Amino acid sequence: MERTQEHEFVDLSKPVENKKEVDVERRRSFLAKAAGVAAVSAMAPEAFARNFIDKYDADGPIARYPNPDVIAFDKRFKYKLGNTPIVRLHRGTMWAEGPAWNQVGRYLIWSDIPANEQLRWIEEDGHVSRQFRFPAGNSNGNTFDFQGRQIAFEHGNRRVVRYEWDGTLTVLADAAGGKGLNAPNDGAVTPDGSLFFTDPGYGGLMNYEGVRLNTGSPQPIQKEAIYRVDAPGRVEKVADEPAKPNGLCFSPDYKKCYVADTGISHYPDAKSVIWVYDVDGKKLKNGRVFAGMEMDGKTGFADGIRCDEDGNVWAGMGWVGDGYDGVHVFAPDGVRIGMIRMPEIISNVCFGGSKRNRLFMTGSTSLYAVYVETRGGTLT
């Protein structure tokens, strides 16, 4: 594990070291730190506080409370806990995506898209099952329906599938409007049994995350869109304003649907925003910009998103660098009220844990988690 002084989190994916070696290394570390205090003390107070303690000491990182990487921009951000660390639960994926929490089984599912596998983290003992599902169709997003069945959005097979209780697999969607899907990305279910999903087509643009379709266009098969599925094979387009609709989530009352737009990745005229729609029965109406992704003159992407019980949108963010990459939190009026700075791009998030008050974050090569004083507003 690399040493860094920029972010504070505990690594639970690393085996416990030999105690004798730890004691020796502690003494060495202490002497090294003592020699450097004079130089470090000349730094600005904030920088001094963030760099004084070697967060990757030999016996594990030291977490300074309250964690300086959980930041409030607005008094409405009341979710920071003063004595909880950000922890790395697993490291070793190529591009982690699609976290989804199973409340009954007390486990988290997520995808490593290039590795063509799904992994599982078990709350009981922190065990990680590699290749929980392999091959996995280069799945991206995952979710669970109200019957506890896992739904996966497959890049490689360009379809949406459901894993049944008897071990079989049901294809929910693989075409729309008489054409094949581009490469489904993410989605969520509603209490009436409908499934909404996005189809931006990233998995059709490269072999790394799916199967390259060689269309010569950032639009692989058809116009990128948002769809609803009411039964296997019954697929209806409900919106197509986003240039590349990506992460999708509902407000706690299911009256609003939020969709992250990452079209700027391939369309120069696209805007990096999150859209919001009014949910009218099985339709999405009145699409409008909810929030822009610019901060301090820099613009990245909002990828996976989730709502908490107060209606705030928590967005996995990245592609800018340190100080921007992480999780940004937007109030129901679209104002950015807080963020969690992370050392990797955060592709997606979800709330889970026994009390559903733990934010899980898939971050490029890692799975992270942090407790927050709120809970998930919807099923997953």
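The values are calculated or read from the model by the stated rules, or taken from the named source; none is laboratory data. For clarity, every value in this text was computed on a predicted model and none was experimentally measured. Note that each Cβ is placed from the backbone with ideal geometry, even for glycine, and that neighbours are counted across all protein chains shown. Surface accessibility is based on the protein's heavy atoms, side chains included, excluding ligands, DNA and RNA. Shrake-Rupley method; radii C 1.70, N 1.55, O 1.52, S 1.80 Å.
Selection of region 77-91 for residues being among the basic types (Lys, Arg), open to solvent by 20 Å² or more (accessible area, probe 1.4 Å) and modelled with pLDDT under 95 yields only Arg91. Are any of the residues in region 64-82 in contact with an Asp or Glu (Cβ under 9 Å, 6 or more places away or on another chain) and assigned to a strand (DSSP E or B)? No; the residues of region 64-82 include none that is in contact with an Asp or Glu (Cβ under 9 Å, 6 or more places away or on another chain) and assigned to a strand (DSSP E or B).
Residues checked against (1) of a type in the set (Asp, Glu); (2) touching an Asp or Glu at 6+ places or on another chain (Cβ under 6 Å); (3) in contact (Cβ under 8 Å) with a residue 24 or more places away in the chain; (4) not in a loop (DSSP other than H, G, I, E, B):
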{"residue": "Ala291", "(1), (2), (3), (4)": "no, no, yes, yes"}
{"residue": "Asp303", "(1), (2), (3), (4)": "yes, no, yes, yes"}
{"residue": "Gly321", "(1), (2), (3), (4)": "no, no, no, no"}
{"residue": "Gly334", "(1), (2), (3), (4)": "no, no, yes, no"}
{"residue": "Val349", "(1), (2), (3), (4)": "no, no, yes, yes"}
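Reported count of residues in region 102-116, each being in a strand (DSSP E or B) and open to solvent by 10 Å² or more (accessible area, probe 1.4 Å), is 2.
For region 290-318, the set of residues classified as open to solvent by 40 Å² or more (accessible area, probe 1.4 Å) and among the aromatic types (Phe, Trp, Tyr) consists of Phe301 only. For beta carbons closer than 8 Å, sequence separation of 6+ or different chains, a first residue in region 356-380 that is farther than 20 Å from Leu248 by Cβ and part of a strand (DSSP E or B) and a second that is of a type in the set (Lys, Arg) and modelled with pLDDT of 95 or more, the qualifying pairs are Ala369/Arg358; Val370/Arg358; Tyr371/Arg358. Being in contact with a Pro (Cβ under 6 Å, 6 or more places away or on another chain), part of a loop (DSSP other than H, G, I, E, B), open to solvent by less than 10 Å² (accessible area, probe 1.4 Å) and more than 16 Å from Ala231 (Cα to Cα), is that true of even one residue in region 148-159? Scanning region 148-159 turns up no residue that is in contact with a Pro (Cβ under 6 Å, 6 or more places away or on another chain), part of a loop (DSSP other than H, G, I, E, B), open to solvent by less than 10 Å² (accessible area, probe 1.4 Å) and more than 16 Å from Ala231 (Cα to Cα).
Within the set Asp199, Asp166, Asp192, the sole residue that is open to solvent by 40 Å² or more (accessible area, probe 1.4 Å) and under 25 Å from Cys257 (Cβ atoms) turns out to be Asp192. Of the residues in region 247-260, not one is surrounded by 23 or more Cβ atoms within 10 Å (Cβ to Cβ), hydroxyl-bearing (Ser, Thr, Tyr), touching a residue at least 24 places away in the same chain (Cβ under 8 Å) and more than 12 Å from Val279 (Cβ to Cβ).
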